[in-house]
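The values are calculated or read from the model by the stated rules, or taken from the named source; none is laboratory data. On a predicted model such as this, the values are computed, not experimentally measured, just so you know. So basically every Cβ, Gly included, is an ideal-geometry build from the backbone, and we count neighbours across all protein chains shown.
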Amino acid sequence: MNKDKEPSLEDLSSRVKKAQKAIKPRNERVINESHAYGMAMRLVAEMVSGLIVGLIIGWFLDKALETKPWMLIIFVFLGLGAGIFNVLRAARQIEEAEARKREEAQEANKKEGK
């Protein structure tokens, strides 16, 4: 390399763009991993909350109506069903949001390519 000749601004700009492209996939992977953990925690919370609500309602009804295990059993199953329904609904919402993000990214890539 010649000491008298300094690198041009275009050369520096192209090197910066190459470095940004090399770093971008790593950054997206870290964001996706933390986002996936958050989604998993949301789905678990949906399931557990439905089950706990069913347990509490069944227990109080058993105490009030003196039907010892029956209301608890019924509402545990109802809570479990509600939890599964909530998990499916939340998963569908998450998938729709991810599909929108993918479409927006594809549109942005098409615009950059033109």
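Of all residues in region 86-101, those that are within 24 Å of residue 50 (Cα to Cα) have Cβ atoms under 8 Å from Cβ atoms of residues that are of a type in the set (S, T, N, Q), 6 or more apart or on another chain, in 86/49. Of the residues making up region 86-114, just one is farther than 21 Å from residue 33 by Cα and touching a Gly at 6+ places or on another chain (Cβ under 9 Å), namely 86. Could you list all residues from region 67-84 that are of a type in the set (A, V, I, L, M, F, W, C) and either closer than 18 Å to residue 44 by Cβ or in contact (Cβ under 8 Å) with a residue 12 or more places away in the chain (or both)? Residues satisfying the conditions are 71, 72, 73, 74, 75, 76, 77, 78, 80, 82, 84. Mind listing whichever residues of region 17-73 are modelled with pLDDT of 90 or more and exposed (fewer than 11 other Cβ atoms within 10 Å of the Cβ)? Answer for region 17-73, where residues must be modelled with pLDDT of 90 or more and exposed (fewer than 11 other Cβ atoms within 10 Å of the Cβ): 41, 64, 65, 66, 69. When region 80-94 is filtered for residues that are surrounded by 11 or more Cβ atoms within 10 Å (Cβ to Cβ) and either of a type in the set (D, E, K, R) or over 18 Å from the mean Cα position of the chain (by Cα) (or both), the ones remaining, listed by number, are 80, 81, 82, 89.
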